[in-house]
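Taking it in order: structure first as structure tokens, then the write-up.
The values are calculated or read from the model by the stated rules, or taken from the named source; none is laboratory data. These numbers come from a predicted model, not from an experiment. Here the Cβ positions follow ideal geometry from the backbone for every residue, glycine too, while neighbour counts run over all protein chains shown. Accessible surface is based on the protein model in full, side chains and every heavy atom, while ligands, DNA and RNA are left aside. Shrake-Rupley method; radii C 1.70, N 1.55, O 1.52, S 1.80 Å.
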Amino acid sequence: MLSLDDYQRYGRQLILDRFGLPGQLKLQTASVVVVGAGGLGCPAIQYLAAAGIGRIGVIDHDVVELSNLQRQVLHTADRIGTPKAVSAAKAVEVINPRVRVDAIVEPLEPRNALALLEPYDIILDCTDNAPTRYLISDTAVSLNKPLVSGAAQKFDGQLCVYNLGPDGPCYRCLFPRPPAPEVSGSCEEVGVLGVVTGIIGNLQALETIKILTGLHDGKPTLLIFSALSSPQFRNIKLRSRRATCPACGNEGEKIGSISELDYVAFCGGQRPDWVSKGMEMGTPGGRIHAQDLDESLKSETRVRIIDVRPPVEFGICHLPNSINVPLAELVADPAKVTRDEPPEETATYVVCRLGNDSQLAVDVLRNAGMAGIVKDLVGGLRAWAKDVDRDFPVY
Amino acid sequence: MSLTIKIEFGGGLELLFSNQKSHKIEVPSKIPARERSESERAVDLQYLIFWLRDNLLKERVELFIENGTVRPGILVLVNDTDWELEGEGEYQLKDGDEIVFISTLHGG
Ligand SMILES: [Zn+2]
């Protein structure tokens, strides 16, 4: 039964042919769980809550940061530092107080995945890393629940419903192995346009509503979105469940096993912490601290600064008089730097964002025969902003 | 005789191909016989994969090809259909075909 004011609240969708009152009642009694309350999770939760889903579980152990607000639209500036799951629950309370939200401030791990996902009808994968994606898929297979999976990066997105019906493939059927770390990256490393996560997150909410109300045709497809391509959307017809899949294949035909799987190792190990790696001192005398670079710039006359970030980042901010030679160009042709023979006793300092690429660049320059003082900035321009120039932008 | 094929890379794979997503290529319509016993055969997807390796790939072949086929985790699409439904490597290319190589995205 709907309460009287719900006829008003949901009127615009109640009058839709094939949706109607039965569709609304299905949403009201349904439960979904959203893993990740970030760029994908926020818009998905927002529309699911507004549409009147009865119960929404939100699993996220991170807290809201300023750099999230560009795309994680349920979070607000005054909730920075609040756990994302709690912040999302507060946002839903304002949109539609009748929705029950379970805010689960815990990381999803092999030890708790079955228990955390079991209470819900449909699982939404709104996470940002490969190990969790495989874990969620394997858990969805064991629980025999549909998995609505979204991903977004740069200007591109992907959307797929896995494990739907008796023949729907699982994530492993399609992607038996994660891509090489060299071709994938996190949003922090490669960037993403907020609208792109919004489009994919909205589509996840849409597919979820279609499944719950019986409007989904049950055919396995992968939707590929590319904001800068034409056409922007591409719908791919997919294979059915793979009989030999180690997760969802037929007993006796499975190839390989996923029990006791170390998901992080399977996906190529722990992601490096680029901030702390950029702070490591390496060989003594090979690097320079921000304060010392500042001193050197003030006292020495013959100094040149090579900034090896991509041109777009150099365009955001750079040190005065620094020269931009992106790392890829430097590696391809070190002579770009070494051939302008600087005057005697010129010190060369290499800088980048966090202090990792600059170390590679110094190695390249030394191997190309560059002599004299060639050092790079420990901790990159982020350290410069922290230790020398508080007004220098951090991004 | 040659076939014009549209190639698209996605999900980061374009980084191995000069960071360019769309390519238009020409491949011979027949693969010449290498030995007497072999007859000339129509060009197929398997041939195309090696053609891409030899003509378009700029770096890190091991991130594209493994054990004589595309690396597991790369999805191949023939005119918007999973290649598994089209005979995989044995699919015979036709003029104007569009072949997409896509890797799974992780970001969110
Ligand atoms: Zn499977």
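Going through (1) surrounded by fewer than 16 Cβ atoms within 10 Å (Cβ to Cβ); (2) of a type outside the set (A, V, I, L, M); (3) in contact with a strand residue (DSSP E or B) (Cβ under 6 Å, 6 or more places away or on another chain); (4) under 30 Å from residue A:194 (Cβ atoms) one by one, residue B:17 falls short only on (1).
Condition check for residue A:72 on (1) closer than 26 Å to residue A:215 by Cα; (2) open to solvent by less than 10 Å² (accessible area, probe 1.4 Å); (3) more than 16 Å from the ligand (Cβ to nearest atom); (4) polar (S, T, N, Q): one failure, at (1). Residue A:369 falls short of the stated requirement of being in a loop (DSSP other than H, G, I, E, B), touching an Asp or Glu at 6+ places or on another chain (Cβ under 9 Å) and touching a residue at least 12 places away in the same chain (Cβ under 8 Å). Residue count for segment A:163-180 satisfying the condition of being among the hydroxyl-bearing types (Ser, Thr, Tyr) and away from the ligand (no atom under 12 Å from the Cβ): 0. Residue pairs whose Cβ atoms lie under 7 Å apart, separated by 6 or more positions or on different chains, with the first residue in segment A:35-47 and within 11 Å of chain B (Cβ to nearest Cβ) and the second of a type in the set (Ser, Thr, Tyr) and open to solvent by less than 10 Å² (accessible area, probe 1.4 Å), are A:39/A:197; A:40/A:197. Residues of segment A:293-319 that are over 33 Å from the mean Cα position of the chain (by Cα) and not charged (D, E, K, R): A:293, A:296, A:297, A:299, A:301, A:303. Kindly check whether there is at least one residue in segment A:127-145 that is away from the ligand (no atom under 16 Å from the Cβ), open to solvent by 10 Å² or more (accessible area, probe 1.4 Å) and β-branched (Val, Ile, Thr). Looking through segment A:127-145, at least one residue is away from the ligand (no atom under 16 Å from the Cβ), open to solvent by 10 Å² or more (accessible area, probe 1.4 Å) and β-branched (Val, Ile, Thr).
Among the helices (runs of 4 or more DSSP H) confined to segment A:238-339, there are none with at least 3 residues that are open to solvent by less than 40 Å² (accessible area, probe 1.4 Å) and within 16 Å of the ligand (Cβ to nearest atom). Of the candidates B:102, B:25, the single residue that is under 23 Å from residue A:244 (Cβ atoms) and not in a helix (DSSP H, G or I) is B:102.
Here B:93, B:75, B:57 are screened, and the one residue that is open to solvent by less than 80 Å² (accessible area, probe 1.4 Å), more than 14 Å from chain A (Cβ to nearest Cβ) and in contact with a strand residue (DSSP E or B) (Cβ under 9 Å, 6 or more places away or on another chain) is B:93.
Does residue B:86 satisfy the criteria of being under 19 Å from residue B:3 (Cα atoms) and away from chain A (no Cβ under 12 Å)?
Criteria not met by residue B:86.
Yes or no, residue by residue, for (1) more than 16 Å from the ligand (Cβ to nearest atom); (2) open to solvent by less than 10 Å² (accessible area, probe 1.4 Å); (3) touching a residue at least 60 places away in the same chain (Cβ under 8 Å):
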position	(1), (2), (3)
A:95	yes, no, no
A:99	yes, no, no
A:125	no, yes, yes
A:147	no, yes, no
A:154	yes, no, no
A:157	yes, yes, yes
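Filtered by the rule that a residue be open to solvent by 60 Å² or more (accessible area, probe 1.4 Å) and within 14 Å of chain B (Cβ to nearest Cβ), segment A:201-237 gives A:219, A:228, A:230, A:231, A:232, A:233, A:235, A:237.
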